[in-house]
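Asks: Take this structure first; my questions come after.
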Amino acid sequence: ERYQGRCTAPLLVDVNAGKIVTNESNEIMVLLNDYSRRKGSFDTTTIDLRPVGMEEELDKATKYWFNLLWNGAYRCGFATSQVAYDEAASDVLKGLSEMNDLLASRPYLMGDAITEVDLKNFAWVTRHDYAYTVIFKSPGGRIAQYRNIAAWVKRMVSDYPKLLESLDMSDACGSYYRQLFMLNFGRIVPNIPSAREWVSAL
């Protein structure tokens, strides 16, 4: 209640000090995972998204997918020349193709177990169909066209049902139309399905 600063999402705040810790999603995920480990709250039912010994591999994968997909979609949306758009679009198409191929031989992006890389890409994938492809003109069609990515999404929500509870598709995708006035002058928000409806249609 005491914090009076600007709010962004996501945002990790030290409520005792009334200060922002970070608003960078990757840092928040790493900090919370490390905090759980230090507190000794990991047990046989706990998911360690950043296993000890995999840090370098996870950071490398995060950077790779960021360049192709996560930042690629934004570069499509904010491109100020055809050349810039074409380069970004090419990266997105490459990322989707490589992810689909990778998931043909493993259940999760880093192997047999879920990691932070899966969660980060899950957040991107859930915004692709109803935000990035429309308002950012990001290419690639629908996620349903990528059989292995679609199967991975279904596996994620089946193995970890609370993922669906944490995802508000209408807000997650709709905020792009409401906030990016320069890309959507009328602030018209299209019909966006619920997360459960979207997954069922894959």
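The numbers here are math on the coordinates, done by the rules we state, and not lab data. As the structure is a computational prediction, the values presented were derived from the model and not from experiment. Neighbour counts are summed over all protein chains in view; Cβ atoms, including those assigned to glycine, are modelled from backbone coordinates with ideal geometry.
Asks: Count neighbours as other Cβ atoms within 10 Å of each site's Cβ, and list the trypsin sites (Lys or Arg not before Pro) in the stretch 36-117 that are DSSP loop with at most 16 such neighbours.
Replies: Qualifying residues, ordered by number: K39.
Asks: Another question, then. Taking only C-alpha pairs under 8 Å that are 6+ residues apart, what is the relative contact order of the chain in percent?
Replies: Once divided by the residue count of the chain, the mean separation gives 14 percent.
Asks: Still on this structure, please answer the following. Identify which of T133, T80, T115 has the largest mean-square fluctuation in a Gaussian network model of the chain, with springs joining Cα atoms closer than 10 Å.
Replies: Fluctuation is largest for T80.
Asks: Now for a different question. Round to a whole angstrom and tell me the spacing of the C-alpha centers of the stretch 85-115 and the stretch 60-81.
Replies: For the stretch 85-115 versus the stretch 60-81, the Cα centre distance is 13 Å.
Asks: In Å, the Kirkwood hydrodynamic radius of the chain over pairs of distinct alpha carbons?
Replies: 18.4 Å
Asks: Please pull out the direction-averaged projected area of the stretch 5-96, using the convex hull of its alpha-carbon atoms, in nm² to one decimal place.
Replies: For the stretch 5-96, the mean projected area of the Cα convex hull comes to 8.7 nm².
Asks: Mind scanning K94/K137; K39/K60; K63/K94 and naming the pairs with a C-alpha gap bigger than 19 Å?
Replies: As for pairs spanning more than 19 Å Cα to Cα, those are K39/K60.
Asks: Return the distance in nm (one decimal) between the two label points of a simple spin-label model at A9 and V21, each offset 7 Å from Cα along Cα→Cβ.
Replies: According to this spin-label approximation, the distance is 2.0 nm.
Asks: Chymotrypsin sites (Phe, Trp or Tyr not before Pro) within the stretch 22-90: which are DSSP loop residues with at most 15 other Cβ atoms inside 10 Å?
Replies: Those satisfying the criteria are F42, F78.
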